[in-house]
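Worksheet: one structure, shown below.
Bear in mind that the values in this text are calculations on the coordinates, not laboratory data. These figures come from a predicted structure and were not determined experimentally. Here the Cβ positions follow ideal geometry from the backbone for every residue, glycine too, while neighbour counts run over all protein chains shown.
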Amino acid sequence: MADKQLSEPLLGGQGVELQGMRTSTSLEFFSTQADFSQVGAMKEELTHASSYLKELAPVMIDTPFQGSALAMTKDEHHYVFGSREGRLGIVDRNTKQVTLDIDLKQGSIWTMTLIENDKYVLSAGASGTIKKLLFSDLSLVDEFTGHTDEINFINISSDESKMFTCSDDRTVRQWDLKAPESSERSEVLYYHNGIVYSCDLSLDEKYIASSSADRTVKVYSLNEKRELATMTEPSSLVWCVKIAGNNRFVTAGDQEGIVWIWEFGTWNLTKKLLGHQDRVRYMSLSLDSSFLVTAGLDHVIKVWDLKLGRKEITLIGHTNWVKFALISKDQKTVFSCADDRKVASWKIPQFSEQITHEHESEIFETVDASHSLIYARTSEGIISYNLNKERQQVLPMESWEVVNYEFTADGAYIYTFVSSSEGFRLFGWSLETNSRTVDIEIKQENLYSGIVFPNRLFFATGEYVRVNAWNIENMEKPVHTFRSHKGQVTKLAVSSNGKRMFSSDPSGVIKIYNTENWQEIHTLTENSSPSLIQTSRDNEYLFIATSDNELKIYSLETMNLAKTILNFNCSKVYFTIDNDYFVHNQGENLWIRDMDNFELITSLNTHKQLKDFTLTPDESMIIATSGTSTTMTSNPLKSQSLNIFGDTECLYDFIQYCYKIMTSQVEHNKEFDTWIIEPFHINALHLYASFNQAGLLAEAVKNHSPFFPSRSGHTPLGITIEKKFQDCIDSICTGLLERQKQGDVWALYHLGESIKGLATLNYGGLHDIFNHSLFRSEDLALPKFCLESAKLPQVLVNHHPIITQHDFPDQNVFTEEGKAVAFGQSCYRLPLTPGSESSIDFLQSILDCQNEQIYYSKIVSVILNMKWENVRWFIGVQSVVYIVYLVLLATYSIYYYEDAWFMIFPFIVSTVLFLYEGMQLYNSGMEYFDDLWNYVDIFRGLLFNLYCILVWFGIGGKVEVNQIIDGVSQTFTTSDYQSPIFTLAVLFSWLRGITYFKLFQRTRYLIKLIMEASVDIVSFFILLFYTTMAFAFIMQAADNIGKFSQCSEQDKALSCYISTAYKQNLGELSGDPADIAASILFIIICIVNPVIMLNLLISIMGDTYGRVKAGKVIADARELAGMIIEVETLMNWNRDDNKMSFIKILCEESFLNFEEEGVDVRIKALDELIGKLKDKLSENKTEVLNTISQSRNSIVNAIREKYVARD
């Protein structure tokens, strides 16, 4: 953080950058990043975000030694490092292996560099000599002597002809690298009064700076051969020094962790950077000197913004003293070494788009912004500043005491209610003309509050007991006076449209007035004095903050309480232009909340106790003041480039936390859940979901962490559904349901987007979600009764989350007494626009869901019945058309079979029906063929239309055939193939007609019964075929040895035996046993076939009926869903209208008695069902026994008749 008196940015042009920040152009510091504003798909969002976070995580490489010096090869593929132990090593960045290691036997190595295209290494340290080593094998090539004590730093000139060093011997030396070994190769440039820890050569090689234990920094001119300056401000050892690349400043780091910056030439101290908690051991400057990297003994590396003064970035990862930190050639990476035996590379994060200016003397009470200026109210008056923090003008307040200060929403005017011993006045200034436009004396006894209406034609003032409304152009007397309070009227507010006015007193009484007729219309009573009264931009909500730190949000239309937010203490609420979010200050934080469900989205920590804040007119920047400082931060909601928003002091902690989420397990930190990554609009919960961290999701949901959709509309639940992470789905759904059961009715607010996915996955807990998806409104202002004749429930859908009486079109249905009613609504939006793609997909997912318990939930029943009411007319018309077709077909068959032209009438109707099927096929695609009845429709249409064509063209009709019988030629009339085709067409036509019984609830399940019976009876037919063939062969075999059946008297054809066996299966007793054995065989066949087969058939049909009857609700719901989908598929005009809507219900009280739908009720329903099944089984059992008894008697009588006849 910057020192209060030395807080200005170092480099010029910062105003331009601030202007760019204000207009939502990201402050790109290192390079221009890609614009991610158009990235839409969930996979793209998470891929970009996770890749960015992984890049920011440090890459650590373990080494055997404590690093004390570091250099990088030109290609940056190898670290070259020295250690305390005196060893010099080379590490390959790609393989992360130490490729070379040698003990130089010269003690600790403090400094090194590479020369001649990385051919040689220069190394120095405790020995006081500089060794020149061959890089390839670290063999000794040369040695430079001259210093008499440890050497601490080496600098090389750009042409590598000169070397500059500093030493514990208190000297700074210059070396000639081209001179022969035998010559004197060094000279002393100048001395310090203590150890010289560091030196730096300017880029133009004209100057050298050094830092020393004598607590000074010196600058030496190499051209003039003299010391230019000695800076003495540091009070402790100065360990490192750097000269800016443009020679604009000199910076140094000292023992106490302070970074000092002096202007080059004047040598004036311009800035102190505070942040390190221990010695600054090393520093590196970027090529353009716009940022500084420092390494400290506090185990951290810091990146400082020298251009705009934004909060420094702290790189955390080393666990011991950090000795070196170098900046890569592309200026995007830091390379470091430390005493923790690691070398590391760090991708430098982007600076947070947040700047804090300390005030020189002014104390801001409020802050506002126009398109180009910031306005602050101070004791001096209203002062305006440009974005460079340059004072522009002062609007004097003279000796007036400010009662209320108002900055208009359009940023065009300032109004101030003031008081003095002389009276009360209203001042107004035009910010466009910079002139006072209003100066009105307010003639009343006292003034406690004031407000100007949005139209600037009226204003209101609060006195003791009274509220006066005034016309600005006519101040003779108030337009109206309200005597509504019993004390001082301390707060006044007006809605954005000017139609409602609000007043309050310290007792907590709030009055609401209709300004169109100046009538008091409502009263609210809070437990404590209101500290804030504001309305949303769309005039939907009234926000009231009280002195007991509660925010209560009321529906402005019904005045019912929509939400209470606890621990709420702020001075202002700002509603965004699109009314999607609201911003408020609280303590040191700026909070951004969702206007839909009022839940937290993110918070920005300024580390200043905030008094006021505002947003620029384009909402790209938030400006907040603590009174003694002003913080300007980019609005996360407007960010178009990749940025992380949260507590800027913990940026790298958040990065490491996210990295652990993506690569391993990590303990949940709820503070990081409020951070947000823009422009993707994702937070930690999206990452938990993407990387299958079910435990973290459970903790986050339990702690009410922000749960919202990303920019592309994907919630954490949506991500887990997409990736099919079952445990994560359970964690989210279980946690949200638990919150909802505890009274948080909006806990499931964002589940609407995921219902289709849950149904598609056949989620086992979906029925539990549905059972808690409707809640009863507790709004006491809603009607309690309706007419006895009113048809209930009444269901409608709309976008607004709060249910009101006026949502329902027929207001005459409500009465003071009559039928008791209740109001309910869904707690999330659903895609319910008929014919929309999302509505059809939602219905299809419900239809296909294997979790059949969802069909017993009220919300599914409500949705299907509501949609059915809207589309049943279409199915009704279709059924009428089909009935007409069947009537015409029957009429033709009975009366006009010989009249070919009558066929045109059923043909037209059939063609219409066939075209309808074609439309279904076109809209549904291959899914059309999933329904068996559609095949019936196709065959019916094809066969009948084919028959009509054959008849009209005389193809395949009746023909005359001549045959000679008994020598006589006879003529017969016969048909070719028209009749079979017509017969099949009639069969399929009447078969298809069965499906229209789906129109009626009482017969709807019968369609399901027919389908199920058709499937179940297959097994019976297989067994029937088997027994028929078996007994046919048995009878034939019996006839070979004696007379058994009538077939023995004929040609003994197999077909005869099969026919006989089949008839016996149907109960016909025929045959003539010739002996005792044949008689026994006859008895067996007669018992097995009619009795056992009949019993089997009854059992199969009984099981089918019981199963379908038990699932009647499910069958009805699925048939309804299928019919609704069929109709909505044809509604192409709504296909792209995928808006989400709430369900709202007016119903009898019992309909929403959810507390009764517990385990006891379900057990009772199961008992009733079991009782019905038992009764049905008893009935079937009696029928079976009676059948067996009758069959037994028939068999006995038949045997007796045979034996009596034989005798």
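When only DSSP loop residues count, what GluC sites (Glu not before Pro) in region 775-848 have their Cβ near at most 11 other Cβ atoms within 10 Å?
Numbers: sites: 778, 788, 816, 817, 837; in loops: 778, 788, 816, 817.
Passing both the DSSP loop test and the Cβ count: 778, 788, 816, 817.
With the cut-off at 22 Å, tell me which of the pairs 660/741; 54/756; 389/611 have Cα atoms farther apart than that.
From 660/741; 54/756; 389/611, over 22 Å: 660/741; 54/756.
Want the number for residue 483 to residue 73: 0.36 nm per residue separation, take away the alpha-carbon distance, what's left?
Details: separation 410, 0.36 × 410 = 147.60 nm, distance 8.28 nm.
Here the answer is 139.3 nm.
For helix 1001-1041, report the angle its Cα long axis makes with the longest principal axis of the Cα atoms of the chain; keep it between 0 and 90° and round to the nearest 10°.
In the chain, helix 1001-1041 runs at an angle near 50 degrees to the longest axis.
If I stretch the segment between residue 51 and residue 663 completely, what's the gain in nm (0.36 nm per residue apart, minus their alpha carbon distance), one decimal?
Details: separation 612, 0.36 × 612 = 220.32 nm, distance 1.20 nm.
The span from residue 51 to residue 663 would gain 219.1 nm if fully extended.
Out of residues 5 or more away from residue 1137 or on other chains, whose amide H comes under 5 Å of its own, with H placed 1.01 Å from N in the peptide plane?
The list, which skips near neighbours in sequence, is 837.
Are there any GluC sites (Glu not before Pro) in region 653-708 that are in a DSSP loop and have at most 16 other Cβ atoms within 10 Å? List them by number. Please report the intermediate quantities before stating the final value.
On the way: sites: 667, 671, 699; in loops: 667.
Within region 653-708, the qualifying GluC sites (Glu not before Pro) (loop, at most 16 other Cβ atoms within 10 Å) are 667.
Just from its helices, what would the mean residue ellipticity at 222 nm be for the chain, if runs of 4 or more DSSP H residues each count -39500 (n - 2.57) and the sum is divided by every residue, rounded to the nearest 500 deg cm²/dmol?
Working: 20 runs with 344 residues, N = 1207.
Calculated from helices alone, the mean residue ellipticity at 222 nm is -9500 deg cm²/dmol.
R0 = 22 Å: FRET efficiency of residue 933 with residue 990, Cβ-based, nearest 0.05?
On the way: r = 13 Å, r/R0 = 0.60.
Efficiency for this residue pair is about 0.95.
Pull up all non-local amide H partners of residue 120: gap of 5 or more, or a different chain, and H-to-H distance under 5 Å with H placed in the peptide plane.
The answer is 115, 135.
Which of the peptides 200-206, 1135-1141 is most tightly packed, and how do the rest follow, going by the mean number of other Cβ atoms within 10 Å of each residue? Could you put the intermediate results ahead of the total?
Details: 200-206: 17.4, 1135-1141: 14.6.
Ranking the peptides 200-206, 1135-1141 by packing returns 200-206, 1135-1141.
What list of ³J(HN,Hα) couplings, whole Hz, do you get for region 982-993 from phi and the Karplus terms 6.51, -1.76, 1.60, once you set θ to phi - 60° and write x for glycine and proline?
5, 4, 5, 4, 5, 4, 5, 5, 6, 5, 5, x
For a Förster distance of 45 Å, can you work out the FRET efficiency between the beta-carbons of residue 999 and residue 507, rounded to the nearest 0.05? Walk me through the intermediate numbers first.
Numbers: r = 62 Å, r/R0 = 1.39.
For R0 = 45 Å, the calculated efficiency reads 0.10.
Mind giving me the FRET efficiency for residue 474 and residue 870? R0 is 45 Å, r the Cβ-Cβ distance, nearest 0.05 is fine.
Numbers: r = 55 Å, r/R0 = 1.22.
E(calc), rounded to 0.05, equals 0.25.
Return a whole-number percent for the relative contact order of the chain, with Cα pairs under 8 Å and 6 or more residues apart as the contact set.
Numbers: 2457 pairs, mean separation 79.0, N = 1207.
Relative contact order of the chain: 7 percent.
Tell me, what ³J(HN,Hα) does each residue in region 846-861 have, in order and in whole Hz, if you take phi through Karplus 6.51 cos²θ - 1.76 cosθ + 1.60 with θ = phi - 60° and put x for Gly and Pro?
Values per residue, Gly and Pro as x: 5, 4, 8, 5, 7, 7, 5, 5, 5, 6, 8, 7, 5, 5, 5, 4 Hz.
For region 397-569, please report how many Lys pairs fall under 27 Å Cα to Cα, leaving out neighbours fewer than 8 apart on the same chain.
Pairs that pass both the separation and distance tests number 22.
Determine the dipole magnitude for the chain: charges of +1 sit on the beta-carbon of Lys and Arg, -1 on that of Asp and Glu, nothing else is charged, the reference point is the Cα centre, and the result goes in debye to the nearest 20. Kindly include the intermediate steps, with their values, before the conclusion.
Working: 106 positive and 151 negative charges, 276 e Å.
Taking the Cα centre of the chain as origin, the dipole is about 1320 debye.
Near residue 225, which lysines are there with a Cα under 18 Å away, not counting those fewer than 8 places off in the same chain?
162, 206
Going by amide H atoms built from the backbone, whose H comes under 5 Å of the H on residue 556, apart from near neighbours?
541, 542
Can you tell me which lysines have their Cα less than 25 Å from the Cα of residue 819? Leave out same-chain residues fewer than eight positions away.
Partners within reach: 784, 791, 858, 1144.
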